[in-house]
């Protein structure tokens, strides 16, 4: 990934395992029908019908596209969390927590994703 292809914040989040400030991301309160793709490599990561308002300050999903995401233990910041990464390019996306509506909450940085609207609602 070339640094000049991403915003400074998107680079920090996806390549340096950073995070965007809570409640600042464009997709936090965004609920259009479509799909969320990796900002770095365009892999499909999440579908809008799996998104919910968790109130956590970041876009939240209860299900990921499993074949395109990987999870790793993250012990940074004195916590044990589950890091979520793009399987294709290893971009850091956010973290997974066991407190969502179906037992899972993927807490994902807006700058790590690109939204693509559905052109046909039967695709979702």
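The values are calculated or read from the model by the stated rules, or taken from the named source; none is laboratory data. In this text the structure is predicted, and so the values were computed from the model without any measurement. Please note: Cβ atoms are built from the backbone with ideal geometry, for glycine as well, and neighbour counts cover all protein chains shown.
Key figures for this structure:
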{"item": "Neighbours by Cβ (under 9 Å, 6+ apart or cross-chain): first from segment 67-89, touching a residue at least 60 places away in the same chain (Cβ under 8 Å); second part of a helix (DSSP H, G or I) and loosely packed, with under 15 Cβ neighbours inside 10 Å", "result": "83/76"}
{"item": "Condition broken by residue 9, with the remaining ones in (1) within 21 Å of residue 100 (Cα to Cα); (2) touching a helix residue (DSSP H, G or I) at 6+ places or on another chain (Cβ under 9 Å); (3) not in a loop (DSSP other than H, G, I, E, B) satisfied", "result": "(1)"}
{"item": "Residue match in segment 31-52 (condition: in a helix (DSSP H, G or I) and crowded, with 18+ Cβ neighbours inside 10 Å)", "result": "yes"}
{"item": "Test result for residue 114, under 20 Å from residue 49 (Cβ atoms), loosely packed, with under 10 Cβ neighbours inside 10 Å, within 14 Å of the chain's Cα centre (by Cα) and modelled with pLDDT of 95 or more", "result": "no"}
{"item": "Any pair with Cβ under 7 angstrom, 6 or more apart, that starts in segment 7-19 at a residue that is on the phi > 0 side of the Ramachandran plot and touching a residue at least 12 places away in the same chain (Cβ under 8 Å) and ends at one that is buried (at least 18 other Cβ atoms within 10 Å of the Cβ) and assigned to a helix (DSSP H, G or I)", "result": "none"}
{"item": "Segment 89-103, residues that are modelled with pLDDT of 95 or more and crowded, with 17+ Cβ neighbours inside 10 Å", "result": "91, 92, 93, 94, 95, 96"}
{"item": "Selection within segment 66-88 - closer than 15 Å to residue 18 by Cβ and surrounded by fewer than 18 Cβ atoms within 10 Å (Cβ to Cβ)", "result": "74, 76, 77, 81, 83"}
